[in-house]
Amino acid sequence: MVDQHWPWWPLLPLYPYGRRATLVRELVPGQVWSFEQLQGIFYVAVPIRMTVLRLREGLLLYAPVAPTQELLGQLRQLEATYGPVTTIVLATSSGLEHKLPLPSLARAFPRAQVWVSPGQWSFPVRLPLQWLGFPPGRTHTLLEDGLPHGDQLVWDALGPVDLGLGRFMEVSCFHKASGSLLVTDALVAIGAEPPELFEADPTPLLFHAR
């Protein structure tokens, strides 16, 4: 489907490649939403999530995922009710699945301020963030340049941990109004049933059920 097309998938060629369906779930009514997409190697696929918080100033996007037309349309619906996207947060230094979508997502919301975790790195050549597509003039580093929405959010650093090629660092976020803790890779949840996202694309489950 055209509205699920993700043209930058060759930069990180993971399943389902150029088609990224998005499942939106309201986690806390009127305050917290998840935007979930699949990613995987061949048919070993897992959901990844961008979390949307409602703040007094508008919406905050935590841990970007591929901004397909479908996803952007869903965000516009939230904007119509709860105000504009004001803040985009890349809270990990090493999560490519969240780092690569950020430039496109930032272009879709040109008035949003972009915040990234310390210790951003690229491989095999270390490049400035602007060369990686991060918008100059509105990209800030968490902790080093301050912390956004400190009256509504509590931030804490996890790491750094040396990975050899670079370092892992993550900045967690606690949303006071809803009591929600946001992390990127620090926690993994495995339920007894397959995630709802697989209902739209059961291919990985069918492959392993042979």
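When residues in the range 7-35 are screened for being closer than 18 Å to K99 by Cβ and either within 11 Å of the chain's Cα centre (by Cα) or buried (at least 20 other Cβ atoms within 10 Å of the Cβ) (or both), 2 of them pass. If you go through the range 19-45 and keep only what is over 18 Å from H5 (Cα atoms) and not small (G, A, S), you end up with R25, E26, L27, V28, P29, Q31, V32, W33, I41, F42, Y43, V44.
The residues on offer are L127, L72, L78, L105, and the sole one that is buried (at least 21 other Cβ atoms within 10 Å of the Cβ) and either modelled with pLDDT under 95 or outside any loop (DSSP other than H, G, I, E, B) (or both) is L105. Can you give me the ranges of the strands (runs of 3 or more DSSP E) entirely in the range 8-62 with at least 3 residues that are at pLDDT below 95 and out of contact with any Ser or Thr (no Cβ under 7 Å at 6 or more places or on another chain)? Correct list: 32-41, 44-54. Can you list residue pairs whose Cβ atoms sit under 6 Å apart, with the first residue in the range 154-171 being closer than 10 Å to S94 by Cβ and in contact (Cβ under 8 Å) with a residue 12 or more places away in the chain and the second being of a type in the set (V, I, T) and assigned to a strand (DSSP E or B)? Count only pairs 6 or more apart in sequence or on different chains. Between residues of the range 154-171 that are closer than 10 Å to S94 by Cβ and in contact (Cβ under 8 Å) with a residue 12 or more places away in the chain and residues that are of a type in the set (V, I, T) and assigned to a strand (DSSP E or B), the close pairs are F168/V161; E170/T92. The set of residues in the range 130-143 being surrounded by fewer than 19 Cβ atoms within 10 Å (Cβ to Cβ) and at pLDDT 90 or above consists of F134, P135, P136, G137, R138, H140, T141, L143.
Residue by residue through the range 93-102, note down the ones that are farther than 17 Å from L127 by Cα and either hydroxyl-bearing (S, T, Y) or surrounded by fewer than 20 Cβ atoms within 10 Å (Cβ to Cβ) (or both). E97, the sole residue that qualifies.
The values are calculated or read from the model by the stated rules, or taken from the named source; none is laboratory data. Everything numeric in this text was worked out from a predicted model, so none of it was measured. All Cβ positions, even for glycine, are placed from backbone atoms using ideal geometry, and neighbour counts span all protein chains on display.
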